């Protein structure tokens, strides 16, 4: 498996809500911090999406939603908690 394929697989697993400890085991990472690098990368993508949405003309009509999202910094652990809650129900 190439590095690029491996990176994509791990990223997609985390995006799908697979618990980080399971992804860590699947990837064969010794340290959780190695797996968390993929979460940080995904958070940067989310920031880029948020920025693109806040620059869209339609966001001016509904600026309160965008401004709340822009003011809050989402931490990787918050994403994991959200994914766990989403899985439960």
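The values are calculated or read from the model by the stated rules, or taken from the named source; none is laboratory data. If you're wondering where the values come from, they're calculated on a predicted model, not measured in any experiment. Glycine also receives a Cβ, built like all others from the backbone with ideal geometry; neighbour counts cover every protein chain displayed.
For residue 5, which of the numbered conditions (1) modelled with pLDDT of 85 or more; (2) closer than 26 Å to residue 88 by Cβ fails to hold?
Only one criterion in (1) modelled with pLDDT of 85 or more; (2) closer than 26 Å to residue 88 by Cβ is unmet by residue 5, namely (2).
What do you reckon, is residue 30 in a loop (DSSP other than H, G, I, E, B), loosely packed, with under 15 Cβ neighbours inside 10 Å and either at pLDDT 70 or above or in contact with a strand residue (DSSP E or B) (Cβ under 9 Å, 6 or more places away or on another chain) (or both)? Reasoning before the result, please.
Values: in a loop (DSSP other than H, G, I, E, B): yes; loosely packed, with under 15 Cβ neighbours inside 10 Å: yes; either at pLDDT 70 or above or in contact with a strand residue (DSSP E or B) (Cβ under 9 Å, 6 or more places away or on another chain) (or both): yes.
Yes; evaluated as a whole, the condition is true for this residue.
Without any contact (Cβ under 8 Å) to a residue 40 or more places away in the chain and touching a helix residue (DSSP H, G or I) at 6+ places or on another chain (Cβ under 7 Å): does that describe residue 2? Don't jump to the end; show me each part of the working.
On the way: without any contact (Cβ under 8 Å) to a residue 40 or more places away in the chain: yes; touching a helix residue (DSSP H, G or I) at 6+ places or on another chain (Cβ under 7 Å): no.
Considered against the rule, which asks whether it is without any contact (Cβ under 8 Å) to a residue 40 or more places away in the chain and touching a helix residue (DSSP H, G or I) at 6+ places or on another chain (Cβ under 7 Å), residue 2 comes out as no.
For region 1-12, enumerate the residues that are over 10 Å from residue 38 (Cα atoms) and assigned to a helix (DSSP H, G or I).
Of region 1-12, the ones over 10 Å from residue 38 (Cα atoms) are 1-6, 9.
Those that are over 10 Å from residue 38 (Cα atoms) and assigned to a helix (DSSP H, G or I): 3, 4, 5, 6, 9.
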